Amino acid sequence: YKATIDAVAARQLPAARDTDKLTVSFKPSMFSVIVPTDSRPDRIKLLAEAYDRIQEVVAYAKARDVRMTLEAEDHRWADFHLDTYFSLLKAGYSNLGTVLQARLFRTKDDIKRFDESTRVRMVIGIYNEPASIALTEKPKMKEILVEYAAELAARGSYIELATHDSDCVDNFMQKVAIPQRLPANRFETQFLLGVPRDDLQQALVSGKYFAGVADNASGKTLEYLSDMARTGVPVRMYLPYGKDAVAGPYCRRRLKANPNMMAYGIKNLLHLK
C-alpha cells in the first residue's frame, strides 16, 4: 500500500480540487489476521493491531497528500470498518473516506453518524447477505441507495455515487442533486474501469447530461442546471489493482462472495445491459 501511495503521489493528476485527484481504496481484511466476529480470546489485541496497521497507512498517505477510502466488506466487518473510520476521522485524518451499503438494514442507523466532515462512497453492496439483515432484491436496493444518498447530502457529506445503472444515476440527479442543488464539488459518480458506460460518463463530465434535462426547468432550477452544464460532474474510474500474489486470490474471494459476478463479466464483455 505504501508503494502504491508513493506511485500515486509521484504521478498525481493535475486538479484544482482535492476531490478530483487520484485516490487509493483498501479493505480492512487486508490488515487483519482475523474476522472481527471471531470469538478467540486474543480478539481485542489482534483487532487493535489491525487498527494500528490501517492508521499507519492512512497517516503515510496524509503526509503525501493522497486520499484513501476504507472499503466496506460483508456484515461481519461493519462495526470494525465504521468504528475505525470515525476513530481516524476524529484523530484528524481528513484524507479518509468510507463506504456504505444500501442493502444492509443497519445502514439506516449508520447514516446518523455522518456529517459534513465525511466522504461516503454509496453502493448497493456486492456481498450476498442473509435476508434477516439485508435486502435481497436489487431494484429495492437501488431505490434505497438514492434515499440514503439524499439523507447523506442533506447532512453535508460528500457523496460518491457508485453504480453502473443509468436509471439509478437519473434518480439520484432528479431526487437528490437537482432538488438540493448540489454543486459539482459536493458529489461525484463512480464506475469500474472496463464496464461499458462511455456515453453516460462523457455526458456527465462534459455537462451535456444536465443540458439535456434543462428543457422544462425554470427559475433557480434552470440556473442550477445551466451551472452544472458548464462544470460537469467528476467521474471516477475504479481500477482493481494487485500483483500476481494478491490479484488472483482477490478475484477468487469476490467470485466466492458473489458467483453472479461471472455473469456480470460476460454481459459487460458482450456489451449487454
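The values are calculated or read from the model by the stated rules, or taken from the named source; none is laboratory data. Note that the structure is a prediction, hence the values are computed from the model and not measured. Every residue, glycine as well, gets a Cβ built from its backbone with ideal geometry; the counts of neighbours run over all protein chains shown. The protein model used for the area step is the full one, side chains on, heavy atoms only, and it has no ligands, DNA or RNA in it. Shrake-Rupley method; radii C 1.70, N 1.55, O 1.52, S 1.80 Å.
How long are the semi-axes of the ellipsoid equivalent to segment 1-55, from square roots of 5 times the Cα gyration tensor eigenvalues, in whole Å, largest first?
In descending order the semi-axes read 33, 10, 8 Å.
Using a 1.4 Å probe on the protein heavy atoms only, what accessible surface does D65 show? Give it in Å² to the nearest 10.
It works out to around 90 Å².
Scan around R236 for amide H atoms under 5 Å from its own, H built in the peptide plane at 1.01 Å from N, and keep only partners 5 or more places away or cross-chain.
The list, which skips near neighbours in sequence, is T189, Q190, F191.
Sequence-distant or interchain residues sharing an amide H contact under 5 Å with T69, placed H: which?
V24, S25, F26, G97
Determine how large the accessible area of F105 is when every protein chain is in place; take a 1.4 Å probe and give Å² rounded to the nearest 10.
We get 100 Å² for F105.
Let's test this: bin the Cα-Cα distances of segment 1-153 at 10 Å from zero up to the farthest pair and state each bin's percent.
Histogram of Cα-Cα distances, whole percents per bin: 10, 37, 35, 16, 1.
Of (i) 31, 22, 20; (ii) 30, 20, 17; (iii) 37, 17, 17, which is the value of semi-axes √(5λ) of the Cα gyration tensor in Å derived from the coordinates here?
Here semi-axes √(5λ) of the Cα gyration tensor in Å agrees with entry (i).
Check cross-link reach from K256 to the lysines: straight Cα distance under 26 Å, and skip same-chain residues fewer than eight apart.
Excluding near neighbours in sequence, the set is K27, K138, K140, K142, K243, K267, K273.
Accessible area, 1.4 Å probe, largest first: how do K243, K256 sort?
In descending accessible area the options line up as K256, K243.
Could you put H81, H164, H75 in order of accessible surface area, largest first, with the 1.4 Å probe and the full protein assembly present?
Highest to lowest solvent-accessible surface, that is H75, H164, H81.
What share of the DSSP beta bridges in the chain is antiparallel, in percent to the nearest 5?
Here the share of antiparallel DSSP bridges comes out near 5 percent.
Please state, to two decimals, what the Cα-based radius of gyration of segment 53-98 comes to when divided by 2.2 N^0.38 Å (N = residues).
It is 1.10.
S32: accessible area at probe 1.4 Å, nearest 10 Å²?
Result for S32: roughly 20 Å² accessible.
Scan segment 42-97 for chymotrypsin sites (Phe, Trp or Tyr not before Pro) in coil per DSSP, keeping those whose Cβ has at most 11 other Cβ atoms within 10 Å, and list them by number.
Hits after loop and neighbour filter: nothing returned.
Most fluctuating residue of G219, G242, G194 in a GNM of the chain with Cα springs under 10 Å: which is it?
G219
Once you've got the GNM for the chain with C-alpha springs shorter than 10 Å, pick whichever of P183, P36, P139 has the biggest mean-square fluctuation.
Of the options given, P139 has the highest mean-square fluctuation.
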